[in-house]
1. Looking only at region 472-483, decide whether some residue is surrounded by fewer than 16 Cβ atoms within 10 Å (Cβ to Cβ), assigned by TED's automatic domain parsing to the domain that holds VAL592 and either of a type in the set (A, V, I, L, M, F, W, C) or farther than 30 Å from TYR378 by Cβ (or both).
2. Checking the structure you have, find out if any residue of region 441-453 is in contact (Cβ under 8 Å) with a residue 60 or more places away in the chain, surrounded by fewer than 20 Cβ atoms within 10 Å (Cβ to Cβ), closer than 27 Å to LEU278 by Cβ and among the polar types (S, T, N, Q).
3. Look through PHE685, PHE656, PHE675 and report the one residue that is among the hydrophobic types (A, V, I, L, M, F, W, C), touching a strand residue (DSSP E or B) at 6+ places or on another chain (Cβ under 6 Å) and in the same structural domain as ILE272 (by TED's automatic domain parsing).
4. Could you go through region 274-287 and let me know if any residue there is assigned to a loop (DSSP other than H, G, I, E, B) and either under 20 Å from MET463 (Cβ atoms) or among the acidic types (Asp, Glu) (or both).
5. What are the residues in region 585-632 that are over 30 Å from MET673 (Cβ atoms) and in a loop (DSSP other than H, G, I, E, B), if any?
6. Within region 462-477, how many residues are β-branched (Val, Ile, Thr) and either more than 15 Å from ILE489 (Cα to Cα) or in contact with a Leu (Cβ under 8 Å, 6 or more places away or on another chain) (or both)?
7. Residue check: is GLY615 over 25 Å from the mean Cα position of the chain (by Cα), buried (at least 16 other Cβ atoms within 10 Å of the Cβ) and not charged (D, E, K, R)?
8. Go through VAL663, VAL606 for me and flag whichever is of a type in the set (Val, Ile, Thr) and at pLDDT 95 or above.
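The values are calculated or read from the model by the stated rules, or taken from the named source; none is laboratory data. Just so it is clear, the structure is predicted and the values come from calculations on it, not from any experiment. Glycine gets a Cβ as well: all are built from the backbone with ideal geometry, and neighbour counts include every protein chain shown.
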Amino acid sequence: MCSKMSSGGRTMYLVTVLVLVSVVGANVNSTSEVIGSRMAWMKGLLDHHDWLELLTKKNIDLPKQCDEDLKTYLQALNAGQLWASKSKFSSGRTIFVGECLPASCGVPAVETVVRAAESAAAARAAAAGLAASLRTLSVRPVPGAYDLYADRKFQILASVVLLVIVLMVLASFYEGYLERKYRLLHEAGDLELAHDDVDHKNLNNNVPADGKSNADNKDKDLRRETCGMLSELLLSFSILTNGRTILSTQRPSDGALTCLHGIRFLSVLWVIMVHTYLTVFFIGDNKTMRVVTERNFMYQSVGNASYCVDTFFFIGGLLVTVLFLRSEDRKNARRAEKKEKQDINKNLNGFTNSALSISVISQQSFKEDLLDTKEKMYTKGEVLRMVKSFFVLFFYRVVRLTPAYAFVIGITEVSLRYIYNQSVFDPAIPDHITCDYFWWRNLLYINNLFSSKEMCMVWSWYMANDTQFYVVGIILLLISVKHPKLAAISLGLVLFSSWATTVYISVWHQYKARIQEPFEMFDALYDKPWSRIGPYLIGMMVGWYLHKTKCKVRIPYWLVAVGWVGSLAIIGSLIFGMVDGYFEVWPTAFYVSIGHTGWGVAVAWVAIACCCGYGGLVNSLLSYRGFLPLSRLTYCAYLVHPTIMVYTCFLLDGPFHLQNATVITIYAGYAVMAFLASFAISIAFEAPAVRLIRIISGGHKHKSQ
């Protein structure tokens, strides 16, 4: 069709586009005319995909040939045919041109030459019978004037990295010295003991159930007893201990939900795959191939991949609940023991958890005080204790997560400044600007409440949501200590209000979900807590159930079969259910409101089945010991992988030719790089932060120096 279009047709097409743009510019501020359907009005005006419905359902008076040609074009476009996609992408395209010119020519001089060239190009087009318009938007020298080493933030980051490296090296040598010293002492003691009592020595008694020798345990205890507070603070940065902890494949002996490690790791791989496609799409030279790819059935796993983040929310809610209830049980047992001995000494500790890494600190039981009170309402003292405990828990979480988070924010801002100075492309994300102005929103975990155009590290919306959900979850758990029914009712109200709010916003915007535009409603729905809290609340319910049943549930085999079929059906319908590529307004409202909670229900069955012994091969895969260290690295891998992608892609000296096989290969490399970088960040910032908090809060006993 495009090849047959006459020069007059091209002229008419260009004039039509210019008129449409002028109409948008004239009426976009007249909000009174578009209240209730502003987004639909803007979309329908310029979206060729929506025009076919208008031509089919509306009585629009068009010339016969125009009507037939438009329908042919629009039907081919919706079918994903290449020629139609090329035609659509020829509408108002922005062209980036790289020119090699003398260094003596500055930006003003180049702009003067280009303006003259614009007039000459228009004259040549007119002579050929064409109507062409070319306008230069901006001229940017590459490389620019930015000096990385003169950047104050780079200097601060470099100083922090250097300081942490020095602490890590000193701590590692010091710990190695201590381990060698006391190992030699114990070996000498063991030889002397063996010489004196060789006939009565049973070497097997030195090996406990966990496979570690008593000598090793004594060695560790002895070193700990002889280290003071300052030594322990230094040892928090030890590569030896932190590396062993992160890379350990030893399954926890406290009944940990090991299948969650596999779920979390595979979900992060899914996130990295989606971001890989979105990044390479931006720098591809054959952008029409993207339209064809998006019509592929399997591409729905990319376009509908927002549910992988719902998996993180589910895991977060489950673990917060399980760890809270376990801590309560331990404290109640201690309370009973203390009452028997008539020695009541109350200590206050705390625990927290994030959906991307697990850490536990004991929490003083609130039931000690609350259950002794017969009043139905909370007393002033109980409220104060709950508030204090809430802030202890929240403080621990923020302090544990923030060091690595702040470091990645700094790295991202400096990297984007360098990329923008060196790249022939315009970076897809303006973090060199947004992080400079709005970094504080990230550290307060409120960045998801603002426009994505003002968001530093746009993918960090997850961190803000998870922290806000944690606040809601802890409040509900604290209430449940004395009033479990009230907590359950409150949870239900929060869930139903989330559904209602999401439906209202979706319908008000006349939103139609489409595979091609997964982030179309990012600011209104995608990253907002009232739209995404459903899976977190489902996780809390499952956590309570697994804790109360101790993961010992007898489920009929017919129900197991129904559960697995239902779970897979929900997952399949949510990911691959958009067979036509889009939903209408009301199906979309249901899809974006109930869909996220439905995903949580599907993952809930997987967790329950695997934890209760009905997972079979699925549980064997998800509980694979090799996933344990990778699961511990998912938090930092999630934070840093987009920065790696942007840095490597936008420093290319030319566009990238899109092919699925090549993109998959690039994805594999990004996944490996993300986890390697995550290990470095975790061992330098996250792990030391956890150990420092435990030391300061009394998690270790120290001998004063």
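1. Scanning region 472-483 turns up at least one residue that is surrounded by fewer than 16 Cβ atoms within 10 Å (Cβ to Cβ), assigned by TED's automatic domain parsing to the domain that holds VAL592 and either of a type in the set (A, V, I, L, M, F, W, C) or farther than 30 Å from TYR378 by Cβ (or both).
2. yes
3. On the way: PHE685 fails: touching a strand residue (DSSP E or B) at 6+ places or on another chain (Cβ under 6 Å); PHE675 fails: touching a strand residue (DSSP E or B) at 6+ places or on another chain (Cβ under 6 Å).
Going through PHE685, PHE656, PHE675 in turn, just one is among the hydrophobic types (A, V, I, L, M, F, W, C), touching a strand residue (DSSP E or B) at 6+ places or on another chain (Cβ under 6 Å) and in the same structural domain as ILE272 (by TED's automatic domain parsing): PHE656.
4. Restricting attention to region 274-287, the residues satisfying the condition of being assigned to a loop (DSSP other than H, G, I, E, B) are 285-287.
Right, trim to either under 20 Å from MET463 (Cβ atoms) or among the acidic types (Asp, Glu) (or both) and you get 285.
Scanning region 274-287 turns up at least one residue that is assigned to a loop (DSSP other than H, G, I, E, B) and either under 20 Å from MET463 (Cβ atoms) or among the acidic types (Asp, Glu) (or both).
5. Result: CYS612, GLY613, TYR614, GLY615.
6. Final tally of qualifying residues: 3.
7. Working: over 25 Å from the mean Cα position of the chain (by Cα): yes; buried (at least 16 other Cβ atoms within 10 Å of the Cβ): yes; not charged (D, E, K, R): yes.
Yes, satisfied.
8. Values: VAL663 fails: at pLDDT 95 or above.
Only one candidate passes the filter, namely VAL606.
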